[in-house]
Amino acid sequence: MISIRPVLSVLGHLYVGLASAMLIPAIVDVAARNADWQAFVLSALIVGLMGLLLVVAMGNALADGLDTRQTFILTTLAWVTIPALGAIPFLWLGIAYVDAAFEAVSGFTTTGSTVLSGLDGLPPGLLVWRSLMQWMGGVGIVVMAIVLLPFLRIGGMQLFQTESSDQSEKIVGRSIELIRYIGLTYLFLTCLCIILYWASGMSMFDAFNHALTTVSTGGFSTHDKSFGFFENPVTGWIAVAFMIIGSLPFVLVIQAFRGKPFLLWRDPQVRAFLYFLLFVALALTIYLGVSGAASFSDAVLQATFNVVSVVTGTGYAMGDYTAWGAPVIGLALLLKFVGGCTGSTTGGIKVFRFLVFFGTVKAHMRRMVRPNRVISESYGNTRLTPELTFSVLAFLVVYLGTVGLLTLILSTFHLDLVTAVSAAATSVGNVGPGLGPVIGPSGTFGPLPDTVKWILSAAMLLGRLELFTVLILLDPDFWSK
């Protein structure tokens, strides 16, 4: 029998942290003399009391740490229950629970899809809470990707096992130091982004909110026009830089700050990721220039910004890129599957899995030509084992199968094909806006039926949990002794 007492103890601590974070938008509303501060204080009391009760009731249950199965349960329960509790302040503000839950799930998973409109006129505390959800979700994603997923050996993530990822039966304290470095680096990047945004002409309020959602590659904005609201091109380029930084392996970013910047460029997925962004942005710039959709200077910024935003899953928009023609719509759909680097805040399939996949295909083709030839597949200087290759290929099959099945389910609600496919891809990939007139960059998910919103909320969680973290719980063998 699996003991869930340690799991509940960790959840209790997380709830207390969530309750503490709710006081930040309350302070913002008090400073703005907005009565909505009461919603956040009451929500904090409810969530905080729940967390304290769990911590006290479980006592020292966490003393022996967590084993593999408990870690699977904890990861899933944390990502399901924290957005559910994070939605409570929206209820006090008169938002229906289905919309509140969708917004909270989108926030914590850093998807960036929204059901809200009229952002420019919303209370400041509510806007700050949306940004905080993405910021907290972003650091949670990094910790999960660096500490937990390699330990759980999901989708080839064991390739990125660090010395701090305990390979024994228990996850123990050596990971704490790495988590501390992650938190400090994440906070430093956020503060730097705030300063640069403010220096570029943003108000301090906008700079604070957009820094939180840029570093986390979340994409929530305080304006309906997103980054189209800001006229200074420098602001857009700052966003591009930090979206890319947020998409790089966080362990290597930490190493760069500690005096080893060349480790970033030596990583195969980093080079592939940057070359890919450069190639696609350049191609789109040429397309916009030739088609006359924008001047050359505008084309460079808009093409680069929107490509980086979609690939990294941030979800910001600089204008409605779906108005640039069918080829751009098709390109945007394909880019939603890519994602950034492993160990970053991004969603999607991730670049390293594409590298492993293409390497496997290349090796297979060589074996077809010379069947007796011994071919060793590798990722950088690391030899790929059959287990790791199979893990990556299994993830790709399940990922694409999930998007296909979700598209089929959404089509039963009479959504057009573009809306259904893009909604499925953007939810599983945690990308942000979809495509089409309803959920595109200039629209919201608000008009969709409530049942569709619940389905997409589940898809966002499934994608953020890397699919297998949830699917493994459905296996009866998981629960047997």
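The values are calculated or read from the model by the stated rules, or taken from the named source; none is laboratory data. Worth saying up front: this structure is predicted, and the values here are computed from it rather than measured. Positions of Cβ are backbone-derived with ideal geometry, glycine not excepted, and every protein chain shown enters the neighbour counts. Accessible surface is based on the protein model in full, side chains and every heavy atom, while ligands, DNA and RNA are left aside. Shrake-Rupley method; radii C 1.70, N 1.55, O 1.52, S 1.80 Å.
Things to note:
- Candidate set: the range 85-96, residues that are more than 13 Å from L116 (Cα to Cα) and open to solvent by 40 Å² or more (accessible area, probe 1.4 Å); chosen: the one farthest from the chain's Cα centre (by Cα): W92
- Qualifying positions in the range 454-467 - touching a residue at least 60 places away in the same chain (Cβ under 8 Å) and open to solvent by less than 60 Å² (accessible area, probe 1.4 Å): L456, S457, M460, L461, L462, G463, R464, L465, E466, L467
- Every residue from the range 348-385 that is of a type outside the set (V, I, T), at pLDDT below 80 and outside any loop (DSSP other than H, G, I, E, B): R367, S378, Y379
- Matching residues, the range 253-263, being under 18 Å from F352 (Cβ atoms) and either in contact with a strand residue (DSSP E or B) (Cβ under 6 Å, 6 or more places away or on another chain) or open to solvent by 30 Å² or more (accessible area, probe 1.4 Å) (or both): Q255, L263
- Among (1) farther than 23 Å from L448 by Cα; (2) of a type in the set (G, A, S); (3) at pLDDT 85 or above, the one test that S411 misses: (1)
- Residue that is open to solvent by 20 Å² or more (accessible area, probe 1.4 Å), assigned to a helix (DSSP H, G or I), farther than 22 Å from F220 by Cα and touching a helix residue (DSSP H, G or I) at 6+ places or on another chain (Cβ under 9 Å), where the choices are Q70, Q38: Q38
- Filtered by the rule that a residue be of a type in the set (S, T, Y) and modelled with pLDDT under 95, the range 249-299 gives T285, Y287, S291, S295, S297.
- Residues in the range 372-386 that are under 22 Å from D267 (Cα atoms), open to solvent by 70 Å² or more (accessible area, probe 1.4 Å) and free of Cβ contacts under 8 Å to residues at least 12 places away in the same chain: S376, N381, R383, P386.
- Test: residue in the range 21-33 that is open to solvent by 30 Å² or more (accessible area, probe 1.4 Å), within 30 Å of D477 (Cβ to Cβ) and assigned to a helix (DSSP H, G or I): no
- Failed condition for S106, given (1) surrounded by fewer than 23 Cβ atoms within 10 Å (Cβ to Cβ); (2) among the polar types (S, T, N, Q); (3) part of a helix (DSSP H, G or I): (1)
- Among all residues of the range 357-366, there is none that is closer than 28 Å to V253 by Cβ, touching a helix residue (DSSP H, G or I) at 6+ places or on another chain (Cβ under 8 Å) and open to solvent by less than 10 Å² (accessible area, probe 1.4 Å).
- Tally of residues being touching a Leu at 6+ places or on another chain (Cβ under 6 Å) and among the aromatic types (F, W, Y) across the range 32-85: 1
- Cβ pairs under 6 Å, 6+ apart, first in the range 434-453 and at negative phi, second among the aromatic types (F, W, Y): I439/F445; P449/F413; V452/F413; K453/F102
- The number of residues in the range 176-235 that are in a loop (DSSP other than H, G, I, E, B), small (G, A, S), more than 17 Å from W135 (Cβ to Cβ) and touching a residue at least 12 places away in the same chain (Cβ under 8 Å) comes to 2.
- Restricting V351, V356 to those that are touching a strand residue (DSSP E or B) at 6+ places or on another chain (Cβ under 9 Å), hydrophobic (A, V, I, L, M, F, W, C) and within 18 Å of L388 (Cβ to Cβ) reduces the list to V356.
- Restricted to the range 293-318, and to residues there that are among the small types (G, A, S) and part of a helix (DSSP H, G or I), the residue that is surrounded by the most Cβ atoms within 10 Å (Cβ to Cβ) is S309.
Condition check ((1) surrounded by 21 or more Cβ atoms within 10 Å (Cβ to Cβ); (2) touching a helix residue (DSSP H, G or I) at 6+ places or on another chain (Cβ under 6 Å); (3) part of a loop (DSSP other than H, G, I, E, B)) across all residues:
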residue	(1), (2), (3)
T114	yes, no, yes
S117	no, no, yes
L126	yes, no, no
W135	yes, yes, no
I154	yes, yes, yes
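- Residue count for the range 51-66 under the criterion of being within 27 Å of the chain's Cα centre (by Cα) and free of Cβ contacts under 8 Å to residues at least 60 places away in the same chain: the result is 1.
- Set L405, L410, L448, L415: member being in a helix (DSSP H, G or I), under 30 Å from K225 (Cα atoms) and more than 21 Å from the chain's Cα centre (by Cα): L410
- The lone criterion from (1) open to solvent by less than 10 Å² (accessible area, probe 1.4 Å); (2) more than 27 Å from V361 (Cα to Cα); (3) modelled with pLDDT of 90 or more left unmet by G432 is number (3).
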